[in-house]
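The values are calculated or read from the model by the stated rules, or taken from the named source; none is laboratory data. These numbers were taken from a predicted model, which means no experiment stands behind them. Using ideal geometry, Cβ is built from the backbone for each residue, glycine included, and neighbour counts are taken over all protein chains shown. Accessible surface is based on the protein model in full, side chains and every heavy atom, while ligands, DNA and RNA are left aside. Shrake-Rupley method; radii C 1.70, N 1.55, O 1.52, S 1.80 Å.
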Amino acid sequence: MTAMSASRLSRLAPMALLLMAVLWGSTLIVMKDAYATMRPTDLLANRYLVALLAFGVLMPRAWRTDRRTMLRGLGIGGLFGAGQVLQGVGLATTPASVNGFIGGLYVVATPLLGAVLLGGRVSRRVWMAVGLATLGLAGLALNPADLSSGIGLGQLITLAAALCYAGQILFLGRVATAETVRSLGLYQVLGTTIVCLVVAAPGGIQIASGSHQWLAVLYLGLLCGAAVTLLQSWAQARVEPNRAAVLMCTEPLWGAVFAIGLAGESLTVSVVIGSVAILAAMVLVVAPARRRPVWRGRLARPEQLTTAS
């Protein structure tokens, strides 16, 4: 690959993460509708089984990879699956708005964990974007009336989910390469599927039935499962984890767009403020800095995680 084509791909990578966030945002309406007839654990199990089958059938060569890539993919997928399950468990005893806000705090946890565990420095520009994204997340996802619920077990479980998401973003950013994108994505989906099946199994797993449930499961599994995992693996081989976390955190913005445009929800002042803050954060991490090292997604030295101010 020439230097010019590699540069073009690097410029496309943030757009891939934004597309991923758009697809994630669209899941809110679909999942809310599906929960009326399916348990959350059953929906997750069905969703990732479909994603795994689609990935494995459409990209059969992805199964053949080295043991290291296989184990890394399973570990990354396991972290994401644990985050999905923990956030679902936390939702049982936590107001939905608080659960959504705390779950989205991976945007803060990612640079913090990166600095603590990997010894990397985080630029002022990235911290500004993280702060704006957190403000935007609060405006879009948090209902002030729910703040009186205090900090309980549900909130702590949801915070554990956010840490799982942050770990997944960091781990993927460290190991993803252009050569391992497909295999890493496939084994991620396998890892997530295993976690979801184990959690759903004790109560018996309900397989989707009827066109309504199958449409939801196919959409969530194919586009918001297999396709999104491939997009994230490809993009994080080219975008460092802290920037990736900010771009992925735009999910509530797109969720609000779908909720207002398709579900008829009202546009409030807090939604407007939150949207502007998230858009500002997005501009900060997408706009080119004067000096930025290339993120190659390998097991690099900690200093390679530094982003130019």
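The residues Thr180, Thr27, sorted by heavy-atom accessible surface at 1.4 Å with ligands and nucleic acids left out, run Thr180, Thr27 from largest to smallest. A 1.4 Å probe, protein heavy atoms only, puts the accessible area of Phe55 near 10 Å². Each peptide in 266-272, 43-49 was scored by the mean count of other Cβ atoms within 10 Å over its residues; highest first, the order is 43-49, 266-272.
With N the number of residues in segment 21-171, Rg(Cα) / (2.2 N^0.38 Å) evaluates to 1.16. Projecting the alpha carbon convex hull of segment 61-138 along each direction and taking the average yields 7.4 nm².
Compactness ratio for segment 94-220: Cα radius of gyration over 2.2 N^0.38 Å (N = residue count) comes to 1.29. Summarising the amide proton neighbourhood of Ser123: residues at separation of 5 or more, or on other chains, whose placed amide H is nearer than 5 Å comprise Thr307. Heavy-atom accessible area with a 1.4 Å probe sorts Leu279, Leu170, largest first, into Leu279, Leu170. Projecting the Cα positions of Met70, Gly90, Tyr165 onto the charge dipole of segment 61-165 (unit charges on Cβ atoms of Lys, Arg, Asp and Glu, taken about the Cα centre) puts Met70 furthest along the positive direction.
When all protein chains stay in place and ligands, DNA and RNA are ignored, the 1.4 Å accessible-area order of Ser10, Ser209, largest first, is Ser209, Ser10. Expressed as a whole percent, the accessible surface of the chain that belongs to carbon and sulfur atoms is 69, based on a 1.4 Å probe.
Placing R0 at 22 angstrom, the Cβ-Cβ distance between Thr268 and Lys32 gives a FRET efficiency of 0.75 after rounding to 0.05. The residues of segment 9-139 present an accessible area of 45 Å² per residue when probed at 1.4 Å with all protein chains retained. A cut-off of 5 Å between modelled amide H atoms, ignoring neighbours fewer than 5 places along the same chain, links Thr180 with no other residue. Taking the Cα centre of the chain as reference, the dipole from Cβ charges on Lys and Arg (+1) and Asp and Glu (-1) amounts to some 1360 debye. Estimated purely from DSSP H runs of n ≥ 4, each contributing -39500 (n - 2.57), the mean residue ellipticity at 222 nm for the chain is -23000 deg cm²/dmol once divided by its residues.
Taking θ as phi - 60° and the Karplus parameters 6.51, -1.76 and 1.60, the scalar couplings of segment 16-29 work out to 5, 5, 5, 4, 4, 5, 4, 5, 4, x, 6, 5, 4, 5 Hz in sequence order, x denoting glycine and proline.
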